[in-house]
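Each remark here refers to the structure printed beneath this line.
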Amino acid sequence: MAKQRTRIVSVVNEKGGVGKTVTVLNLAAALSLRGKNILVVDMDPQLNTTKGLGFTSDENDLSVYDVIKPDNPVSADSVISNTSWEHLDLLPSHIDLSGIEIELANELGRENRLKDALKPFSGQYDFVLLDTPPSLSLLTVNVLAFAREILIPCQTHPYAYSALDELLETISIIKEEINPKIEVMGIVATFFDQRTRVSKKILEDLRSDIRFKQKVFNTVIRINTTIAESAYYNRPVVFFRRSSTGATDYLALADEILGEI
């Protein structure tokens, strides 16, 4: 496959429950429907992204853990798998990833393990989308050392909105000390419920706050039960029910990222 410019995008939020994994899964699927070649990298030991793309994790399965572990790591090309959908590949997670921080504690360059492992493969894809744990762990630092762009899902809830300051401060530190090339691509409002005043107020605050407003996507991910239903069946919503609000929103986000709307 010919080399191409790859956009390496980390989907990050240190707060849980904001739609991070849902965004990785469904944005990746939406971009694949637009004909883009996508690699999803699941760096969360909870492996919800792995399950969401139809993969189970048995004890002996190879995963991203085997790619970045300190002893006898394997090449990423032996671990990357095709999913059931065209243009969409996965580097799966594993529960063993939860102990990698201890295993890498004395390793030089431990924050660059993922970057070093995936650098030869990124040119095969239009996008590499990386899911992260909801914490600033060594796993998250590895993702941010590799990524060039950060996509921040922000639940339209006061707690999620107030946590943005701390997240942006973390990103600033990473940019200064580890990866000067990383930039915030944008903030996408998630779980938006137009029936509630608080949801509408948080969206209004995001779009008017001088610190964020230039980074907030026009696309809003509305609260939609079909997204949860599709997760139950381990299928991205755009493949589960194309006519749903969830599918419509993630396809619109994909188009906005591609500069087509």
Yes or no: residue 15 more than 14 Å from residue 129 (Cβ to Cβ) and of a type in the set (D, E, K, R)?
yes
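Residue-wise test of (1) closer than 21 Å to residue 66 by Cβ; (2) in contact with a strand residue (DSSP E or B) (Cβ under 9 Å, 6 or more places away or on another chain); (3) without any contact (Cβ under 8 Å) to a residue 24 or more places away in the chain; (4) surrounded by fewer than 19 Cβ atoms within 10 Å (Cβ to Cβ).
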| position | (1), (2), (3), (4) |
| --- | --- |
| 132 | yes, yes, no, no |
| 135 | no, no, no, yes |
| 148 | no, yes, no, yes |
| 151 | no, yes, no, no |
| 154 | no, yes, no, no |
| 189 | no, yes, no, no |
| 196 | no, no, yes, yes |
| 204 | no, no, yes, yes |
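Conditions tested, residue by residue: (1) outside any helix (DSSP H, G or I); (2) surrounded by 21 or more Cβ atoms within 10 Å (Cβ to Cβ); (3) modelled with pLDDT under 90.
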site: 10; (1), (2), (3): yes, yes, no
site: 24; (1), (2), (3): no, yes, no
site: 51; (1), (2), (3): no, no, no
site: 90; (1), (2), (3): yes, yes, no
Within the range 38-60, residues being in contact with a Leu (Cβ under 8 Å, 6 or more places away or on another chain), within 23 Å of residue 242 (Cα to Cα) and not hydroxyl-bearing (Ser, Thr, Tyr) number 6
Give me the residue from the range 235-246 that is touching a residue at least 60 places away in the same chain (Cβ under 8 Å) and in a helix (DSSP H, G or I) and, out of that set, surrounded by the fewest Cβ atoms within 10 Å (Cβ to Cβ).
239
Over the range 156-170, the set of residues surrounded by fewer than 19 Cβ atoms within 10 Å (Cβ to Cβ), within 30 Å of residue 110 (Cβ to Cβ), in contact (Cβ under 8 Å) with a residue 60 or more places away in the chain and not charged (D, E, K, R) is 163, 170
Name the single residue that is farthest from the chain's Cα centre (by Cα) among those in the range 50-61 being more than 14 Å from residue 82 (Cα to Cα) and touching a residue at least 24 places away in the same chain (Cβ under 8 Å).
61
Exactly one of 41, 67, 143 is hydrophobic (A, V, I, L, M, F, W, C) and either in a strand (DSSP E or B) or out of contact with any Ser or Thr (no Cβ under 8 Å at 6 or more places or on another chain) (or both), and that one is 41
In the range 124-148, the residues that are in contact with a helix residue (DSSP H, G or I) (Cβ under 9 Å, 6 or more places away or on another chain) and either charged (D, E, K, R) or modelled with pLDDT under 85 (or both):
126, 131, 134, 136
Can you name the residue in the range 208-234 that is small (Gly, Ala, Ser) and surrounded by 15 or more Cβ atoms within 10 Å (Cβ to Cβ) and, of all such residues, is modelled with the lowest pLDDT?
231
Can you go through 167, 203, 130 and tell me which one is in a helix (DSSP H, G or I) and in contact with a Ser or Thr (Cβ under 6 Å, 6 or more places away or on another chain)?
203
Please go through the range 95-123 and give me each residue that is closer than 24 Å to residue 57 by Cβ, in a helix (DSSP H, G or I), in contact (Cβ under 8 Å) with a residue 12 or more places away in the chain and of a type outside the set (Asp, Glu), ordered by number.
95, 97, 98, 100, 110, 113, 114, 115, 117, 118, 122
Assess whether residue 121 counts as being closer than 23 Å to residue 39 by Cβ and at pLDDT 90 or above.
no
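The values are calculated or read from the model by the stated rules, or taken from the named source; none is laboratory data. What you are looking at is a predicted structure, and each value in this text was computed from that prediction instead of being measured. Here the Cβ is made from the backbone with ideal geometry for all residues, glycine too, and neighbour counts use every protein chain on show.
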